[in-house]
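Enquirer: Below you will find the structure I want to go over with you.
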Amino acid sequence: MKLVRAMVVARKEWQEIRRDRLFLALCLVVPVVLMLLFGYGLSLDVENIPFAVVDHDDTPASRDYASHFSDSRYFDFRGRLADEGAIDRLVAANALRAVLVIPPGFGRDLAAGRSVRVQTVIDGTFPVRAMTMRGYVLAINAQASTGIALEWARAATGADERSLAALAQPVRLETRNLYNQPLRSVWSMAPKLIMVILMIAPPFLTVLGVVREKESGSIFNIYASTVSKAEFLLGKLVPYVVISLFNALLLFLLARYLFGAPFKGDPLFFALATAMYVVCTTGIGLVISVLVRTQTAAMVVVAIVTVVPAALYSGAIIPIESLSPAAAGVAHLLPAMYYAQVATGSFLKGVGWPVLWPNLLVLAGYAALLMAAGYLLFSKRPRT
Amino acid sequence: MMSRMDWRDVLGRGLELVRKELLQLWRDRVLILFLLYVFTVDIYLAGSGLSFSLHNATIAVMDQDMSHASRELASRFQPPEFQRVAAPGDPRAAQQLLDTGRSMVVMQIPPRFQADLGAGRQAAVQYLVDSSNSVLGLLAGSHAAEIVGRYNLEQGAARLAATGAGGRLPGVDNAQRALFNANQNEAWFMGIAELLMLVTVFAIILPAVAAVREKERGTIEQLLVSPLRPLEILLPKVLAMTLVILAGVTLAIALVLRGVFDVPIRGSLPLFYAISALYVFTTSGIGLLLATIARNLAQVGMLAIMVLAPMMFLSGMWTPPEALATPVRVLMAVSPMHYYIDAGFGVLLKGMTLAELAQPLLAMALLGALAFGAGLARFRRQFA
């Protein structure tokens, strides 16, 4: 293998990319646009939830309890409903997403020291949203309930503040949110978006670049030339790896400065792992382009093997522990999961070499495997 | 003016062209296989084994008290929300667990926990959450708040009884009821969401690819010199694709949504088909528009991603409109997919009727007519 020849192939490829202005522009624009869209559009923070109250009790106690919800920034109080009859219709029409129903006797029961049961009806259509609402309701209710218990204990015993707290709240839970203290979803998402976009874009570029040559027939020039298999593949790969690395840098800058995600880890380690990951995903494109014959088929196959695994089987949205065993098995077979851990670790957790070196190793192994597969599968004398 | 005979001619020619388009699609074996794959396996994959809720979140309990009370509290962190993992020996090991992601939560119960409780003092429990996934971080925190709140209610009542002020402590239990998907079965949401997304993807990609391929091969000129007007060329194409997509929808609903996931189809299926047909037909205008901009398949592929990604994120499937900034919400209002999602979930899951969905359907039809008109106009200007 001669490096010079590989570089000539690379230069030819680069020139071809450069001359297709629209393609080049899209190469550089698509990842950035995706990042902006996901970053701004995929906010999982559920705020301003349209919220109403059905208060059958209508006492100071019930109004006070309801105000814990309507005063929070999560719920947007839209008014009171006379009864439960209209709830289903209003929630179906997206006019409301959560309704608190307080039964009659709420104030009376609490005043008598009895526990009461209220109900929150939530829109269950979109499970992520419903889960988040559930989390808010649980947290707000726990707080309101503790307050009620404290108040009762004060009235019952007349004890001082300290012993009251010990009385009504024997265990104080001190929750600390590590790594993403303000629970900003864009901080969580940004590093994983880098992973998802770098999983999808590089193979797309690569297959389109390589298969185009097959479809137009210009690949026969290569078949007939003295360029060896390795030289051709390397030369083809280099421009796309370079473009993708440039994209990776852009994505990093967007995550860091536009979305404000903190970067606490080792930049060198992150850069190295990113480069390895880009080689992996470009390699996926290479293997696919060796296998298929038309650009349409190439795009289709890339979509299948990258989009779903990157989004769903990488731990990006759903943690690996929550996947079914089969899905978790799939996740371990793909590079996305390993890089997702690197991205999250480097951005939010501030961990590097000591913790994540096995991930780097896996990515390197993966890259090597893909290159080998591409080399073995590519033939200068294809059966036609 | 056309006579009756002319109309019959036009219709006959149109049907012949629809047949030609269907035949052409049928012969593209890769495409057919892909369609079969996505409308069955892909929807199945998206819906199965995935869960957004707090499910098996790993919790490591660092019990420094090793008492009956501490074990009792720890035992309340139970499946399905939590799963216990090996306890760390010291704070450094605990930090390591969180850094490596082997545990999502570390709960530290202090020494003398039982003694403090027994003496009527307040005990503080540290609860460290890996919030690098913000939604799960929130849920892990609020579930803990609820568990400890309940524990406090029991313990507090006992303490109050000890002071002689009665053995009761009032609290509020907030039961939650999720409408439309009572058990929060994620497969229902993911399955339907994936189906609606696929319909959108194909409604744009199929016509775009078909038109560009004719452009690339030059066969479009053949059609143009034939005695057919642009509309007569395009309508059969779009009709054929609508039929193919509806066939995919049928497959998905019968085999996957109903067959595997048991989605309760609460509304009228014919209504859903009518809505989908209208949507596919009108949205194909966007695909035609792309085809007039792009010169080859590579470009059309990239353009399609550029158009589809924002549509998906502005569809309201992941982020509710009320959580978005106003300018983004305006964008959402002009995305036809947003209305299709509303109507699709409305019919399939909420059992809404045509009258109840009049508003989103009208908006969808209007936007679709605009898109189709624009696509047709540009196509005509470019070719005729």
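Enquirer: Calculate how many DSSP beta bridges within chain B are antiparallel, expressed in % of all such bridges and rounded to the nearest 5.
Expert: 30
Enquirer: In what order do A:Ile219, B:Ile32, B:Ile147 fall by count of nearby beta-carbon atoms within 10 Å, going from fewest to most?
Expert: Arranged by neighbour count, lowest to highest, A:Ile219, B:Ile32, B:Ile147 become B:Ile32, A:Ile219, B:Ile147.
Enquirer: Among the trypsin sites (Lys or Arg not before Pro) within region A:1-107, which fall in a DSSP loop and have no more than 16 other Cβ atoms within 10 Å of their own Cβ?
Expert: In loop regions of region A:1-107 (DSSP not H, G, I, E or B), the sparsely surrounded trypsin sites (Lys or Arg not before Pro) are A:Lys2, A:Arg73.
Enquirer: Before rounding to the nearest 500, sum -39500 (n - 2.57) across all DSSP H runs of length at least 4 in chain A and divide by the residue total; then give [θ] at 222 nm in deg cm²/dmol.
Expert: -21000 deg cm²/dmol
Enquirer: Once phi is turned into θ = phi - 60°, what whole-Hz ³J(HN,Hα) does the Karplus curve with 6.51, -1.76 and 1.60 give for every residue of region A:217-222, x standing for Gly and Pro?
Expert: Those phi angles translate into x, 5, 5, 5, 4, 5 Hz.
Enquirer: Hey, what's the Kirkwood Rh for the protein assembly as shown if you take every pair of different alpha carbons, in angstrom?
Expert: 28.7
Enquirer: State the antiparallel share, in %, of DSSP beta bridges confined to chain A, rounding to the nearest 5.
Expert: Bridges in chain A that DSSP calls antiparallel: roughly 30 percent.
Enquirer: If you don't mind, another one. Tell me which lysines have Cα within less than 30 Å of A:Lys2's Cα, excluding those fewer than 8 residues away on the same chain?
Expert: A:Lys12, A:Lys214, A:Lys229, A:Lys236, A:Lys380
Enquirer: Which whole number gives the average, over all residues in A:114-120, of C-beta atoms from other chains lying within 10 Å of the residue C-beta?
Expert: Per residue, the number of nearby Cβ atoms from other chains is 5 on average.
Enquirer: Could you state the orientation-averaged shadow area of the convex hull built on the Cα atoms of region B:123-272, in nm² to one decimal?
Expert: Averaging across all directions leaves 16.3 nm² for the Cα convex hull.
Enquirer: Give the angle, between 0 and 90 degrees and rounded to the nearest 10, that separates the Cα long axis of helix B:358-383 from the longest principal axis of the Cα atoms of chain B.
Expert: 40
Enquirer: Can you tally the net charge around B:Phe34? Count Lys and Arg as +1, Asp and Glu as -1, for every other residue whose Cβ sits under 13 Å from the Cβ of B:Phe34.
Expert: Once positives and negatives cancel, what remains is -1.
Enquirer: Out of all Cα-Cα pairs in chain A, roughly what percent, to the nearest whole number, are more than 33 Å apart?
Expert: Every Cα pair in chain A considered, those over 33 Å come to 49 percent.
Enquirer: Could you check the simple spin-label distance between A:Glu16 and B:Arg19, using points 7 Å along Cα→Cβ, in nm with one decimal?
Expert: For A:Glu16 paired with B:Arg19, the spin-label model returns 4.1 nm.
Enquirer: Sort B:His68, A:His68, A:His56, B:His338 by Cβ crowding within 10 Å, fewest neighbours at the top.
Expert: The order, fewest Cβ neighbours first, is B:His68, A:His56, A:His68, B:His338.
Enquirer: Now for a different question. In what order do B:Thr100, B:Thr353, A:Thr125 fall by count of nearby beta-carbon atoms within 10 Å, going from fewest to most?
Expert: With the sparsest Cβ surroundings first, the list reads B:Thr353, B:Thr100, A:Thr125.
Enquirer: Another question, then. Tally Lys and Arg at +1 and Asp and Glu at -1 over the other residues with C-beta under 10 Å from the C-beta of B:Pro236: what net charge comes out?
Expert: In short, +1.
Enquirer: Where both partners of a DSSP beta bridge lie in region A:1-135, what percent of those bridges are antiparallel, to the nearest 5?
Expert: 30
Enquirer: Let me ask something else. If packing is taken as the average number of other Cβ atoms within 10 Å across a peptide's residues, how do A:187-193, B:307-313 rank, most packed first?
Expert: In decreasing order of mean packing, A:187-193, B:307-313 become A:187-193, B:307-313.
Enquirer: About its Cα centre, how strong a charge dipole does region A:49-168 have in debye, to the nearest 20, once Lys and Arg get +1 and Asp and Glu get -1 at the Cβ?
Expert: Taking the Cα centre of region A:49-168 as origin, the dipole is about 260 debye.
Enquirer: Under the definition of partner shielding as Cβ atoms of other protein chains within 10 Å of a residue Cβ, what is the mean value for peptide B:20-33?
Expert: Across B:20-33, the average partner-chain Cβ count within 10 Å equals 1.
Enquirer: Next up: Please identify which residues in region B:349-384 have an amide N closer than 19 Å to a label point set 7 Å out from the Cα of B:Leu224, following the Cα→Cβ vector.
Expert: Label zone hits: B:374-384.
Enquirer: What's the angle, to the nearest 10 degrees (0 to 90), between helix B:230-251's Cα axis and the longest principal axis of chain B?
Expert: So the inclination is approximately 40 degrees.
Enquirer: With helices defined as uninterrupted DSSP H runs, which ones in chain A have an alpha carbon span along their own long axis of at least 27 Å and mean Kyte-Doolittle hydropathy of at least 1.6?
Expert: Passing helices, by number: A:21-41, A:229-253, A:267-291.
Enquirer: Enter the mean number of other protein chain beta carbons within 10 Å of the beta carbon of each residue in A:184-195, as an integer.
Expert: Average per residue, whole number: 2.
Enquirer: What percent does the relative contact order of region B:57-162 come to when contacts are Cα pairs within less than 8 Å and at least six residues apart?
Expert: 29
Every number in this text was worked out from the coordinates using simple rules, so none of it is lab data. Keep in mind the model is a prediction, meaning the values are calculated, not measured. Ideal geometry is used to build each Cβ from the backbone, glycine not excepted, and the neighbour counts take in all protein chains shown.
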